[in-house]
Amino acid sequence: MLAKIADELPTGEGYLFEPKWDGFRALVFRSAEGVLIQSRDLKPLNRYFPELEKVLAEQLPRGCILDGEIVVVGTAGLDFDALQQRIHPAASRIGRLAKETPAAFVAFDLIAAGGKPIGELPQQERRARLERLLGQAKAPLYLTPVTADRAQAQDWLERFEGAGLDGVIAKPAKAPYQPGKRAMLKIKHARTADCVVAGFRWYKDTKEAVGSLLLGLYDDAGALQHVGITSSFTMDKRRQLLEELAPLRENALADHPWRDWAQASVGDADRMPGARSRWSGGKDLSWEPLRPERVCEVKYDHLQGRRFRHATTFLRWRDDKPPQDCRYDQLEVTSPFELAQVFQAA
């Protein structure tokens, strides 16, 4: 089951609310032969999380299928960067990271139990069975909290972000499990920021339209840091942007703050706009520099470290704002929240 974005929590009765975990969505199949951990796109994940395979085999009864999220718990809450590092080709590295940054599995749905599919049952009944199944579960296997109280869900939306969570999911209480359908709602934090536009990427395989704009913010030392992209444009707008930004391409590389990255082909994609990495999926991440003279306002959900966690939504140009005013200190600071308290809410 998938989720579609909503601006706010739905009103009225008939919904169950859960925290939205920031990790890898996964299905867990417990059979007589053992455990299969599978990603949403059907890729096996066992080799990347050997510590989870062992725990799940020990704690889950045979014949069950769980839907949930693989997460890594860091010192300040969920650590998505550490989770990404687990997808690595070297078995020795995976073994080391399994000890240094062990993963956890947070279950939020039950698809089969006792060897029989139960997806046709209402969400509220599947939840009740999931609670019975995991009543004695121990870390790193967790049951996600749930509430039918909209006010409590709103409180979760505001407080749980400080533990690294991603928002709140709303599920129709009487709905069956619907694979591949956007039958749930996800409510995420929405904020705006003014960012410097310092480059762009081409749209797919053409050089006739802009694919995405590269965004920057100035840190306390006055250095322009790459913080993410915005790519929410119609095709007409992509062609218009190419023409609109053409003057900023002239002599853009001469004094560009990211000049050293312009020719990068291998490196840390979290820092280098033009880098290739194992997370890029083979995509061409080369980019075209622009003189950092224009500012745009974007909508974002939250930061991951010093960057926007997801692609942002372009709102408007801010020709009234000097690029030097686009600093990190404009961003909202999230109050820390203990992840243990999130688990205790289950």
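The values are calculated or read from the model by the stated rules, or taken from the named source; none is laboratory data. Being a predicted model, the structure only gives us computed values, none of them experimental. Methodologically, a virtual Cβ is constructed for each residue, glycine included, from the backbone with ideal geometry; neighbour enumeration extends over all protein chains shown.
For region 21-35, what are the residues that are surrounded by 19 or more Cβ atoms within 10 Å (Cβ to Cβ) and either within 29 Å of residue 191 (Cβ to Cβ) or within 17 Å of the chain's Cα centre (by Cα) (or both)? If the condition is that a residue be surrounded by 19 or more Cβ atoms within 10 Å (Cβ to Cβ) and either within 29 Å of residue 191 (Cβ to Cβ) or within 17 Å of the chain's Cα centre (by Cα) (or both), then 21, 22, 23, 24, 26 are the ones that fit. Looking across 179, 145, 140, 172, one residue alone is under 21 Å from the mean Cα position of the chain (by Cα) and farther than 16 Å from residue 342 by Cβ. It is 179. Taken over region 102-140, the residue count meeting the criterion of being among the basic types (Lys, Arg), closer than 17 Å to residue 30 by Cβ and buried (at least 20 other Cβ atoms within 10 Å of the Cβ) is 1.
Residue 128 meets the stated requirement of being of a type in the set (A, V, I, L, M), farther than 21 Å from residue 32 by Cβ, assigned by TED's automatic domain parsing to the domain that holds residue 26 and part of a helix (DSSP H, G or I).
Within region 68-87, the only residue that satisfies the criterion of being in a helix (DSSP H, G or I) and within 28 Å of residue 112 (Cα to Cα) is 83. For residues in region 1-20 being closer than 17 Å to residue 155 by Cβ and of a type outside the set (Ser, Thr, Tyr), which is surrounded by the most Cβ atoms within 10 Å (Cβ to Cβ)? Among them, the one singled out is 19.
Please enumerate the residues belonging to region 89-107 that are of a type in the set (S, T, N, Q) and either closer than 19 Å to residue 23 by Cβ or in contact with a helix residue (DSSP H, G or I) (Cβ under 8 Å, 6 or more places away or on another chain) (or both). Correct list: 101 only. Checked against the criterion of being under 19 Å from residue 80 (Cβ atoms), in contact with a helix residue (DSSP H, G or I) (Cβ under 9 Å, 6 or more places away or on another chain) and modelled with pLDDT of 95 or more, region 108-127 contains one or more residues that satisfy it. Of all residue pairs spaced 6 or more apart or on separate chains, those with beta-carbon atoms under 8 Å, a first member in region 153-176 that is in contact (Cβ under 8 Å) with a residue 12 or more places away in the chain and a second member that is hydroxyl-bearing (Ser, Thr, Tyr) and surrounded by fewer than 16 Cβ atoms within 10 Å (Cβ to Cβ) are 159/335; 162/335. Looking at region 1-40, the strands (runs of 3 or more DSSP E) lying wholly inside it that each contain 1 or more residues that are under 19 Å from residue 178 (Cβ atoms), in contact (Cβ under 8 Å) with a residue 60 or more places away in the chain and of a type in the set (A, V, I, L, M) sit at 2-6, 15-19, 24-31.
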